[in-house]
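Okay, structure first, notes after.
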Amino acid sequence: MPVPAIHATKADLVELFSSIQGEGPLAGFRQVFVRFSGCNLVCAYCDTEFRPQATCKVEQGPASGTWANWPNPVRLDTVLSQIDAWLTASPGVHHSISLTGGEPLHSIASLRPWLGPLRQRLPLHLETNGTLPEALSEVVDQIDLISADIKLTSVCGVQTPWETHQRFLAVAGRRLLCVKAVVDEHSTLDEVRRAATLLQAGCHDVDFILQPRTTDRGVTLPATLLFALQSAAAQIHPRVRVLPQMHRFLNLA
């Protein structure tokens with residue numbers, strides 16, 4: 001039987017691997033990570049390679065540290081075959097597929113036809129910078145979980161797009177799992193209060209996660225400031241959690 005045409009679609013990817021989620025409410029679950037290239041933002045703290053590459057790195061086995069290079073753009077059916085192999089080798093261990101980047105919605109034309117076949121295998125978890133509401137509206141019904149960022153000026157080095165974030169969260173609606181803001185020693189009480197106000201107005205039942213910037217040296221943000229930021233946000237939106245990037249401490253991709 002010939003492969004359906006939809007499975008022959010291609011996309012530019014950076015990485016494909018199976019690992020433990022290290023951020024947010026799904027931290028600790030095993031996921032398949034599909035990292036799309038390209039992003040509409042350039043954040044000062046970004047620790048991920050997202051620029052278009054000649055090849056996509058594919059880890060040969062979970063935590064193996066051995067990677068193959070597939071030429072870009074990568075065919076969907078090739079990706080599905082690899083995912084099926086991981087699911088067969090470790091039945092029941094994977095919680096979902098993380099669509100990450102960069103910014104996956106920046107590749108909406110490539111992403112759109114991938115969602116159905118991927119979702120037949122596992123629920124889809126979109127990790128997004130929360131700034132492309134129009135693109136999200138095209139695919140939101142095919143996404144199961146959304147983790148959206150609020151980009152704080154103090155950390156990102158660019159003006160926080162408050163109105164855009166508000167429109168994005170309105171579209172994300174019932175799919176929203178959490179809203180995250182990376183914070184560091186430059187973050188202010190006023191900006192986390194404004195972020196908390198944004199959530200409380202439209203997403204009052206969603207976790208607001210303050211993620212202290214995590215580097216190879218660990219978390220350098222003073223605990224006193226972290227507590228003050230959490231307290232300021234919690235006065236407005238009580239569901240405020242502090243979670244670092246766990247995978248950094250586990251030495252995982």
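The values are calculated or read from the model by the stated rules, or taken from the named source; none is laboratory data. Because the structure is a prediction, the values reported are computed rather than measured. Virtual Cβ from ideal backbone geometry, glycine too; neighbours counted across all protein chains shown.
Some notes on this structure:
- For the stretch 32-113, no strands (runs of 3 or more DSSP E) sit wholly inside it while including 2 or more residues that are at positive phi and touching a helix residue (DSSP H, G or I) at 6+ places or on another chain (Cβ under 9 Å).
- When the residues of the stretch 1-12 are filtered to those that are under 15 Å from ARG112 (Cβ atoms) and in contact with a helix residue (DSSP H, G or I) (Cβ under 9 Å, 6 or more places away or on another chain), the one that is modelled with the lowest pLDDT is ILE6.
- Looking only at the stretch 114-138, residues that are within 20 Å of VAL14 (Cβ to Cβ), among the aliphatic types (A, V, I, L, M) and outside any loop (DSSP other than H, G, I, E, B) come to 5 in all.
- Condition check for GLN159 on (1) in contact (Cβ under 8 Å) with a residue 24 or more places away in the chain; (2) assigned to a loop (DSSP other than H, G, I, E, B): one failure, at (1).
- Counted residues, the stretch 115-137 - those being under 13 Å from VAL34 (Cα atoms), among the aliphatic types (A, V, I, L, M) and touching a residue at least 60 places away in the same chain (Cβ under 8 Å): 2
- Which numbered condition VAL158 fails, given (1) farther than 22 Å from GLY22 by Cα; (2) crowded, with 16+ Cβ neighbours inside 10 Å: (2)
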